[in-house]
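Below is one structure, written out as structure tokens, with a few remarks after it.
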Amino acid sequence: MAGDAPTSQEYIQHHLTNLAYGKHPDGNWGFAGSPEEIADMGFWAIHVDTMFWSIGLGIIFLAMFMTAAKRATIGVPGTLQNVCEMAIEFVEDNITQVFGTRPNPIIGPLSLTILIWVFLMNLMDLVPVDLIPHAAQLAGVPYFKIVSTTDPNATLGMSVGVFFLVLYYNLKIKGPIKFGAGLITHPIPHWSMYWFNFILEIVDMIAKPLSHGLRLFGNLYAGEMIFILIALLYSSGLILGLFGGLLQWAWAVFHILIICLQAFVFMILTIVYLTQAHETDEH
């Protein structure tokens, strides 16, 4: 940010900019110090803060469940074991209701991972917006976003991973011939409309991972933006500052619902898409 007292535009831009590492126009590799340098790095720039927080929270998720598993007891369970068991039972109930009892070794662990991992990444949105970015600036780091799900690279990366799994199970369960036939015979089963059916199915196939990832990104990005806009009130005088504190608290309470809901929606859509991939009946 420019100067000791950034403008509102500079403040918002700073909080919405990722710490990027990539190749500069002069051929050297390094961190970007401005949005212009990030743009010059192009598509292959790595958002280091997104990678740091997503991987770090993934490690916390694994450590939490591994600890609960090692300390599991048939007697009176501890708080951690209770929380983990509740999460597992919640995921199992949703899988049973949507996916049924089909044998699949991956859908349970995948759904649980998505639910908890996305929830933890969303939960970072409740950390005060200035706390970590300001501490990073004092350490010489120009940008440091902490909510990975406000980065479309993270949300679309997860949705594309689910998409490839859906393609894999479509080909495995239905076979290449039946899967390919479904692309041209649905929704109008007449040879003259095969070309039209193919276009519709391809559009539908591409739209699923896009909507899957962008829905999560859009909701969390909007929530983060509101936190940033409210934080601007703190520098607008005592009355507006107190009003901003009240708004911040109210929005944080409401945002807890969004954090939980979006993690659930991302998980349930994953289950739905994998269920569709396992269906062998005709449309």
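Each value in this text was obtained by applying a stated rule to the coordinates, not by laboratory testing. Because the structure is a prediction, the values reported are computed rather than measured. Note that each Cβ is placed from the backbone with ideal geometry, even for glycine, and that neighbours are counted across all protein chains shown.
Observations on the model:
- Straight-line cross-link partners of Lys172 among the lysines, defined as a Cα under 30 Å from its Cα and at least 8 positions apart when in the same chain: Lys208.
- The distance between label points at Ile12 and Ala39 comes to 1.7 nm (points 7 Å beyond Cα on the Cα→Cβ vector).
- Neighbour counting of Cβ atoms within 10 Å sorts the residues Val83, Val48, fewest neighbours leading, into Val83, Val48.
- Between Ser192 and Arg102, residue separation times 0.36 nm minus the direct Cα-Cα distance comes to 28.8 nm.
- Contour excess over end-to-end distance, with Cα ends at Leu257 and Asp93 and 0.36 nm allotted per residue: 57.0 nm
- For region 145-164, backbone nitrogen atoms closer than 18 Å to the point 7 Å from Leu131 Cα along Cα-to-C-beta are found at 145-150.
- Ascending count of other beta-carbon atoms within 10 Å, so fewest first, for Glu224, Glu36, Glu92: Glu36, Glu92, Glu224
- Neighbour counting of Cβ atoms within 10 Å sorts the residues Asp40, Asp151, fewest neighbours leading, into Asp40, Asp151.
- In plain terms, the chain from Arg215 to Tyr234 could stretch by 3.8 nm, reckoned as 0.36 nm per residue minus the Cα-Cα distance.
- Per-residue 3J(HN,Hα) values for region 115-127, derived from phi via the Karplus relation 6.51 cos²θ - 1.76 cosθ + 1.60 with θ = phi - 60°, read 4, 6, 5, 5, 4, 5, 5, 5, 4, 5, 5, 8, 6 Hz in sequence order (x marks Gly and Pro).
- Rounded to whole Å, sorted largest first: equivalent-ellipsoid semi-axes of region 183-283, Cα gyration tensor: 46, 15, 7
- Semi-axes of the equivalent ellipsoid for region 191-244, Cα gyration tensor, largest first, Å: 48, 8, 5
- Cα-based shape type of region 1-125, given that a ≥ b ≥ c are square roots of the gyration tensor eigenvalues and the cut on a/c is 1.5: prolate
- Working note: 222 nm ellipticity from helices only, DSSP H runs with n ≥ 4, each -39,500 (n - 2.57), summed and divided by the residues of the chain, gives -23000 deg cm²/dmol to the nearest 500.
- C-alpha center-to-center spacing [region 73-96, region 151-226] in angstrom: 32 Å
- Distance histogram in 10 Å bins (all Cα pairs of region 143-236, percent per bin): 15, 30, 24, 16, 10, 5, 1
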